[in-house]
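Asker: The structure is given below, and queries will be raised subsequently.
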Amino acid sequence: MLDLLLALALIVLVAALLNAVLSGRDEDVDGESGRATEERGVAIEVPWVAIAVGAITATALLVVGLPLSIVLAVASLAGMVCHVSLRALKARREMAFELALAASLDLVVASLRSGAALVESLTTAAAETRGVVGEMLTELCDRLRLGEAPAVVFEELSDRFPQEGSRLFTFTLASHFDSGGSAATTLGEVARAIRDRIDVVRRASSQSVETQASVVGILAITYGLALLMWNQYPERVEKFAVSEIGRFFIGFSIGLQAVGLLWISRITRVEV
């Protein structure tokens, strides 16, 4: 009976966690058309990868023959660990993307100050920049040369690359094509703003390292104590683990670890 109650509680918990994850996903949805935007080159489908890891873990544990309550709890924890890890990896990729954009803007500013036109300067920067930023600038220049409306080009580019730095870049270029002005000075300020934002994010993230290390330490201590108890009193621990009340508390504690991991990852997330 306790296993059934814990299994139902974990199912509700997993559903709530997935709803929280999916509601905070990085795929922005256009409110008018309902079309999901694409973050090419820096996107990781975090929710679905985490769900797949949890499902694979659950399947493997069911094949081994573990109780359903423990299977759901361990699968939830595995999915949350995968989710948090991929979020951290995605954040690093986005920071690298924005720093590369700032570096390419420095090339654009230098070309503009030497007397080149804006599109020519963007083309030069695209040729010297590798990776996603180079592809983005190349596509931008090609579409402008083909005669597409700048407002449409910049709007679509902002949808496809919704990072703060690229949105500021496209907004600045759209304003320049509408009203004119000195593009060199404006883009130079954009590059500096991107670097300042990344610096603030890094400083703020460094403040949360202690909290994240504490969480990892608590998890390590928990499993270390469990291993120590099993080595010292194997018969008692095995008897507790196979009992109904033991399975309940083991599954409940692992489920709480999954909740705590997701909660800490959310409260330590930095957005600037």
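Just so it is clear, none of the values below were taken in a lab; they were calculated from the coordinates. Please read all numbers here as calculations on a predicted model, not as lab measurements. Using ideal geometry, Cβ is built from the backbone for each residue, glycine included, and neighbour counts are taken over all protein chains shown.
Asker: Nearest 0.05, what FRET efficiency do Ala226 and Arg167 give at R0 = 41 Å with Cβ-Cβ as r?
Answerer: For R0 = 41 Å, the calculated efficiency reads 0.30.
Asker: Each label point is 7 Å from the Cα along the Cα-to-Cβ direction; what then is the distance between the points at Ala91 and Val119, in nm?
Answerer: Calculated label separation equals 4.1 nm.
Asker: Also, quick follow-up: Which whole-number percent is the relative contact order of segment 96-204 (Cα, under 8 Å, 6+ apart)? Write down the numbers at each step before the final one.
Answerer: Values: 104 pairs, mean separation 36.7, N = 109.
It comes to 34 percent, rounded to a whole number.
Asker: Over the Cα atoms of segment 181-272, Rg to Rh with Kirkwood Rh, two decimal places? Display every interim value, and only then the final one.
Answerer: Numbers: Rg = 23.2 Å, Rh = 17.1 Å.
Radius of gyration over Kirkwood radius for segment 181-272 works out to 1.35.
Asker: Also, quick follow-up: Can you tell me the FRET efficiency between Ala60 and Val209 if r is taken as the Cβ-Cβ distance and R0 is 30 Å, rounded to the nearest 0.05? Could the numbers behind the result be given before it?
Answerer: Working: r = 32 Å, r/R0 = 1.08.
Given R0 = 30 Å and the Cβ-Cβ separation, E is 0.40.
Asker: Ok, one more. For a paramagnetic label modelled at 7 Å from the Cα of Ala103 toward its Cβ, which residues of segment 124-153 fall within the zone defined by backbone nitrogen distances under 18 Å?
Answerer: Once the point is set 7 Å along Cα→Cβ of Ala103, 124-138 turn out to lie under 18 Å by backbone N, inside segment 124-153.
Asker: What is the Cα centroid distance between segment 121-148 and segment 43-97, reported in whole angstrom?
Answerer: What the calculation gives is 37 Å, centre to centre.
Asker: Counting only Cα atoms, I'd like the Rg/Rh figure for segment 96-204, Kirkwood definition for Rh.
Answerer: On the way: Rg = 13.0 Å, Rh = 13.8 Å.
We get a ratio of 0.94 for segment 96-204.
Asker: Only loop residues by DSSP count here, and only those with at most 14 other Cβ atoms within 10 Å; note down the GluC sites (Glu not before Pro) in segment 136-196 that meet that.
Answerer: Numbers: sites: Glu139, Glu148, Glu155, Glu156, Glu164, Glu189; in loops: Glu148.
Here the sparse-neighbourhood loop sites are Glu148.
Asker: While we're looking at this one, here's another question. Among Ala117, Ser85, Phe97, whose Cα sits farthest toward the positive end of the charge dipole of segment 80-122 (+1 at Cβ of Lys/Arg, -1 at Cβ of Asp/Glu, about the Cα centre)?
Answerer: It is Ser85, whose Cα lies furthest towards the positive end.
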